[in-house]
Amino acid sequence: MDKLGIAFAMLGMAIASFLPGWGSAKGVGMAGQSAAAAVTEDPDIFSKVLILQLLPGTQGIYGLLIAFMTMSQLGLFGVPAEVSLAKGLAYLAACLPIGIVGLFSAIHQAKVSIASINLLAKRPDQLSKGMVMPALVETYAILALLISLLSVINVGKIAI
Amino acid sequence: MPEDYIYAVTRIHIRERNLLNGADIDALSSAKSFSEALSLLAAKGWETQLVSGGDTEALINTEYEKTWALIAEAAGQVEELNIFRRTRDFHNLKAAIKLTYTGEPSHSRARYFLDYGLTPTERIIQAADNREFSLLPDYLAKAGKEAWEALVNTGNGQLCEIVIDRAALEDLDREGKASGNPLIRRYATFTVDTANIKAAARCHLLSRGCKFLEHVVAEGGSLNRKGLIDAALGDGYEIGKFLSGTPYEGAASTESSGAFERWRNDELIRMIRPQAKAYSGVEPLAAYILARENEIAMARLILSSKAVGLSESAVKERLGLTYV
C-alpha cells in the first residue's frame, strides 16, 4: 500500500507539470502565430506583442513549481519520505487545481492574447488595455496555484 | 479546427484597416470629379496609377489580384476557399470562348482573364481555341461545350453567358452543400437564391416565357425552383407573394434593380460581419474576400458614374453597408 501512495503522489506531480505545460505550449504557440502576423505587417510592434505572446506561458511555470514542491515533499531530492496511500491520494488531489485550471486558463488566455494582439496591431496606443484583458485570465491560474501550493506544503503535516 | 489560420486571420484583420468604410464610400460618391475619386482611393492604397483615361479595368483587376495574393501569402492553398476560385474559372471560361469566337489576337487577351482561378488560364484558353473542352475539369467541361455550341449556333453572346452563369451557380450550389463550413454553405445558398430571384424578376419584366425561365433559373439553392418560375410567369405581385415567409422577404419590397442590389449586398455584409471579430478559422478569410469584392464593386460603380457624369443620388441608391 505504501508503494501505491508514492505512485499516486508521483501521478499528481506528473499532472501538475504535464497539463499546464501542455496548455502553455499550445497557448504560446497560438499567440505566437498571431504575434508573427502582427510583426509581418508592422515590425515596430514586436516588443509589445512579445509580452502578449508570453502571458499564456506562465501556467507552465506554475505547474513546474508545484511539481518541484511535490518532489521536495516526497523527498525525491534527498531521503525519500514514507507516503501512505491516503497521503499519496492527498498529494494527487493537491496537484489537480493547477493541473486542470492551468491547462484551460492557458488556452483561454491565449485566445484573449490573440484578440489583444489584433487590437494592438490596429491601435498601437492601446497597449495597457490590451495587456489588462489577458492578465485577468491569469487571476484564476494564480488562485489555483495558491490552492495547490498550500495543499502540497501542508499534506505532509496531516497524520494519515 | 478552431485554432487554424491564426496567423492569416491576424494579418487579414490588420489589413481590414485599409478597407473602405461608410465614410470613405460617402466621400467617394460625393467627390466632385473622377480624378478626385481616384485621389481618395490612392490615399487608401489603391493602385490608381494604372487608370488610363477613364478605363479602370486594370485598377479593378489589380485590386482583385491583391486580395488573392494576400490570402495566398498568409494562408497558402486553402481548400475551403476554392469555391471562390472556381467562380473565377467560370469567368475565364466565358472570356476564352468569346475571345475565340471573335478571333481576338492572343497578345491582347490577357486583360480579360483573372488570376488565382483553380484551373490554369492557359488550359482554359487552349480548350476554347481547340474546342477541346474535355481538357478541362468536369465542372467546366460540360458548360464550356454547351456555351460554345450556343454561341456558334446562334451568334448570341448573351446566350453563351447564360449557359456559363447558370453552370457557375449550380457548381457553387453543389460545392456549398458539400462544404463543411457553415458560412460558405450559407453564402452559396444565398448567392444562388438571389441570382435566381434577380433572373426571375428580370424575365418577368421582359415578359419572357416559361422555356427561357427554365433556362436561366439555376437548380439548387433553398427556393422551390418551379414555384419561382411560376411566380415569374404570373402577375406583378406573384414573386413578392412567393418570397414572403422566406429569408428573402426583404427582396420583394425593392422597387428597382439598383435597390435589389443594395439589399443583396447589405444582407451579405450582415452575414459576414461577425467574422471581423473571429481570431481563427477559414470564415474570416472568406469574409475578407467577400468584403473586398463588395468594396471593389462599389468603387467600380462610383468611378464609372463619375466617368460618365451620373448624378450622386443615382449612385447612392446602389451603395449599401460596408464590412468595416
Subject >> Listed residues A:119, A:145 arranged by accessible area, highest first, probe 1.4 Å >> reply: A:119, A:145
Original post:
Once the dipole of the protein assembly as shown is set up with Lys and Arg at +1 and Asp and Glu at -1 on Cβ about the Cα centre, which of A:117, A:94, B:64 lies farthest towards its positive end?
Top reply: A:94
**OP:** Using a 1.4 Å probe and ignoring any ligands, DNA or RNA, find the accessible area of residue B:116 and quote it in Å² to the nearest 10.
**Re:** 80
Original post:
What fraction of the Cα pairs in the stretch B:197-324, stated in percent, has a spacing above 17 angstrom?
Top reply: 65
**OP:** Specify, per residue and in Å³, the volume enclosed by the convex hull of the alpha carbon atoms belonging to the stretch B:175-272.
**Re:** 90
Original post:
Taking H as built 1.01 Å from N, whose amide H comes closer than 5 Å to the amide H of residue B:222, not counting residues under 5 places away?
Top reply: B:193
**OP:** Step through the residues of the stretch B:146-154 one at a time and calculate ³J(HN,Hα) from phi using the Karplus curve (6.51 cos²θ - 1.76 cosθ + 1.60, θ = phi - 60°), rounding each to whole Hz and writing x for Gly and Pro.
**Re:** 5, 5, 4, 4, 4, 5, 5, 6, 10
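Given an 8 Å cut-off on Cα distances and at least 6 residues of separation, report the relative contact order of chain B as a percent.
After rounding, I find 24 percent.
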Subject >> When the stretch B:148-202 is reduced to its Cα atoms, the Kirkwood hydrodynamic radius in Å >> reply: 12.3
Original post:
Which of rounded, prolate, oblate describes the stretch B:64-107, given a ≥ b ≥ c as roots of the alpha-carbon gyration tensor eigenvalues and a/c under 1.5 marking rounded, otherwise prolate only if a/b is larger than b/c?
Top reply: prolate
**OP:** With an 8 Å cut-off on Cα pairs and a minimum separation of 6 or more residues, tell me the relative contact order of the stretch A:4-155 in percent.
**Re:** 37
Original post:
Kirkwood hydrodynamic radius of chain B from all distinct Cα pairs, in Å?
Top reply: 21.0
**OP:** Lys and Arg at +1, Asp and Glu at -1: add these up for the other residues within a Cβ distance under 15 Å of residue A:48 and post the number.
**Re:** -1
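Given a 1.4 angstrom probe, what's the average accessible area per residue across the protein assembly as shown, in square angstrom?
That works out to 47 Å² for each residue.
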Subject >> GNM top mover of A:36, A:106, A:67 - chain A, alpha-carbon springs below 10 Å >> reply: A:36
Subject >> Using θ = phi - 60° and Karplus 6.51 cos²θ - 1.76 cosθ + 1.60, couplings along the stretch B:20-27 (whole Hz; Gly, Pro as x) >> reply: 6, 9, x, 5, 5, 5, 4, 4
Original post:
Once you have the alpha carbon radius of gyration of the stretch A:4-155, what is it after dividing by 2.2 N^0.38 Å, with N set to its residue count?
Top reply: 1.21
Subject >> Amide H partners (placed H, <5 Å) of residue A:156, local residues excluded >> reply: none
Original post:
Considering the stretch B:79-179, what Rg and Dmax in Å follow from its alpha-carbon atoms?
Top reply: 12.9, 40
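If R₀ is 51 angstrom, what is the calculated FRET efficiency for the pair residue A:18 and residue B:21, using the beta carbon separation as r and rounding to 0.05?
0.60
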Original post:
R0 = 30 Å: FRET efficiency of residue B:255 with residue B:42, Cβ-based, nearest 0.05?
Top reply: 0.25
Subject >> Three-way shape call for the stretch B:196-242 based on the alpha-carbon gyration tensor, with the a/c threshold at 1.5 >> reply: oblate
Subject >> Gyration tensor verdict on the stretch B:1-147 (Cα atoms; rounded if a/c is under 1.5, prolate if a/b is larger than b/c, oblate otherwise) >> reply: oblate
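To the nearest 0.05, how large is the calculated FRET efficiency for residue B:161 and residue B:57 if R₀ is 22 Å and r is the Cβ-Cβ distance?
0.80
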**OP:** May I ask you to evaluate 6.51 cos²θ - 1.76 cosθ + 1.60, the Karplus curve with θ = phi - 60°, for each residue of the stretch A:135-144 and list the ³J(HN,Hα) values in order in whole Hz, giving x for glycine and proline?
**Re:** 5, 4, 5, 4, 3, 6, 5, 5, 4, 5
**OP:** Obtain the nm distance between the two label points defined at residue B:219 and residue B:101 by a simple spin-label model: each point lies 7 Å from its Cα along the Cα-to-C-beta direction.
**Re:** 2.4
**OP:** Take the Cα atoms of the protein assembly as shown, build their convex hull, and give its volume per residue in Å³.
**Re:** 203
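The values are calculated or read from the model by the stated rules, or taken from the named source; none is laboratory data. Bear in mind that the values here come from a model prediction, so they are computed numbers and not experimental data. Every residue, glycine among them, receives a Cβ derived from its backbone with ideal geometry; neighbour counts consider all protein chains shown. Side chains included, ligands, DNA and RNA excluded: accessible areas come from the protein's heavy atoms. Shrake-Rupley method; radii C 1.70, N 1.55, O 1.52, S 1.80 Å.
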